[in-house]
Amino acid sequence: MHLHRFRMFKKIRKRLCSLRAFTLIEMMVAISIFSIIMLLISSAYIALLSANRKERASTDAVNNLSTAIDSIARDIRTGSCSNSTGVNVCPATGTYNSFTFIDSDGCKVEYNLNANKEIVHKVFASGSACKASDDVITDSNAVSVTAFTFDTYVLQATNTNVNNMAEQVWTVIRVTGATPKMPNGVVSTFHIETGATMRGISII
């Protein structure tokens, strides 16, 4: 019985000794290959996160611009073409790169596109409550506005009772531009368009 166990133990030891272990070089090669694969996977994941972050920032920038254009339209709707002095500041019928009017606070304001491709809200100090300032609405790093135009129409109607002409301004605001390049080199373009009609009617 003991002899049989001895022989079994001897066979098991012989088999274990015959098994070939990993050498140091093989271990180093295996670790190197594993490290390279993990590095490639990590780089791809980081690039994907960066692209997704830039795309979300681009979408947010366009959404913010759309909100700003809606705000401009609201200013025009609640504005007028003349202040207490009766001087008309609105442009005649045509297409313009800027739009001037009197806002609801009685201040003479203008919206235009500056040299940095940024939409600017300019306030002129035409009254005691008006402070002259140039407020930049868009960020040139977020979006590049290539065109900012106002298609203006002056609607006229004659008041036969007083023999005067009534005017109402309607303008279409158009904005065209692009967002910064994505990592894949694709540039996303956009076009925003909205209309605004002044609620007040100017009597000449």
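Rule-based calculations on the coordinates, nothing more; no lab input. All figures in this text were calculated on a predicted structure; none of them were measured in a lab. Virtual Cβ from ideal backbone geometry, glycine too; neighbours counted across all protein chains shown.
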Taking Lys and Arg as +1 and Asp and Glu as -1, residues besides Glu118 with C-beta under 13 Å from its C-beta add up to -1
In nanometres, the difference between 0.36 nm per residue of separation and the alpha-carbon distance of Ile41 and Thr189 is 50.1 nm
For the pair Asp70 and Ser32, the simple spin-label estimate (label points 7 Å beyond Cα toward Cβ) gives in nm 6.0 nm
Stretched fully, the stretch from Ala178 through Ala115 gains (0.36 nm per residue minus C-alpha distance, one decimal, in nm) 21.1 nm
FRET efficiency (Arg77, Phe124; Cβ distance; R0 22 Å; to 0.05) is 0.65
Of the candidates Ala115, Thr138, Ala125, the farthest towards the positive dipole end of region 102-141 (Lys/Arg Cβ +1, Asp/Glu Cβ -1, centred on the Cα centre) is Ala125
